[in-house]
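Read the structure below first, then the notes.
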Amino acid sequence: MMGSWTKPFVVVVVAALLGMATLVTVPSSPALAAADEPPAPNLGSCWLSLPNEVTTIVYYTYGGSMASRYRLFHEQQTHLGRQPIVVPKRDKPLFIVLVSYGPTEWDLRIDPGADVAGALVLGYRDQIVSNLPANTKLGFSIFTGGNGRDCPTRKGWWGDDMKALSPMLYTEFSHYPNEYYNSGYEDCSYFLCERSRKVADKPKPSLWARMFGSAKAEEQAPKTGGVIRTSARLILR
């Protein structure tokens, strides 16, 4: 039985423990949800103010080879692919042009030292660009959706047709393509495909992972401090 002299001591200990508990803040579900909220649509502008000297690189894919963590709000049952691409360092600033038919998340893997001066995204369906350097100017031109300010809209430049795309880039941006990479080509190194030499040195999965699978989610891009730009409203999977 507790003596009368011990009761004040117990009260003080309990009060101290409760005080310590109040110092531990557990984020509420709404707070966690807000931190992971998909970005709002922003079609941007094609007033890119590109330097006179740039290296223009065009990437084309029919659709992403991996699964995106997003879905289109207006087409929630539609698969949205994620396509990692390597943005290389060159001796000039880069103008990157991303072209896709299907809804695609372009997952940029920017090499150290690469300077992305501007980006143009052409799609038949809506597009997303992840890991874009925060101050990079970007414009969308989406055939079935919207277009950024002063972005080209007259033809179906979202197709795999460099004969049409090349003169448009010169007319609209005063630059012809210098490099062109297609995810369907045998050398798909810049798309980090399985047969790519750029992924040959990646760590192999453990024996346990090969036998029983991995508990980890599909590989996502490393944290780069970049931003996500989208032409359409998104939801999380």
Practice problem: Within the range 154-177, count every residue that is part of a loop (DSSP other than H, G, I, E, B) and farther than 26 Å from Arg82 by Cβ. | Solution: 5
Quiz prompt | Those strands (runs of 3 or more DSSP E) lying entirely in the range 36-106 with at least 3 residues of a type in the set (Val, Ile, Thr) and in contact (Cβ under 8 Å) with a residue 24 or more places away in the chain | solution = 55-61, 81-87, 94-100
Quiz item: Is there a residue in the range 187-204 that is modelled with pLDDT of 85 or more and surrounded by fewer than 14 Cβ atoms within 10 Å (Cβ to Cβ)?
Solution: no
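The values are calculated or read from the model by the stated rules, or taken from the named source; none is laboratory data. The structure presented is a predicted model; accordingly, all values stated were derived computationally and were not measured. Using ideal geometry, Cβ is built from the backbone for each residue, glycine included, and neighbour counts are taken over all protein chains shown.
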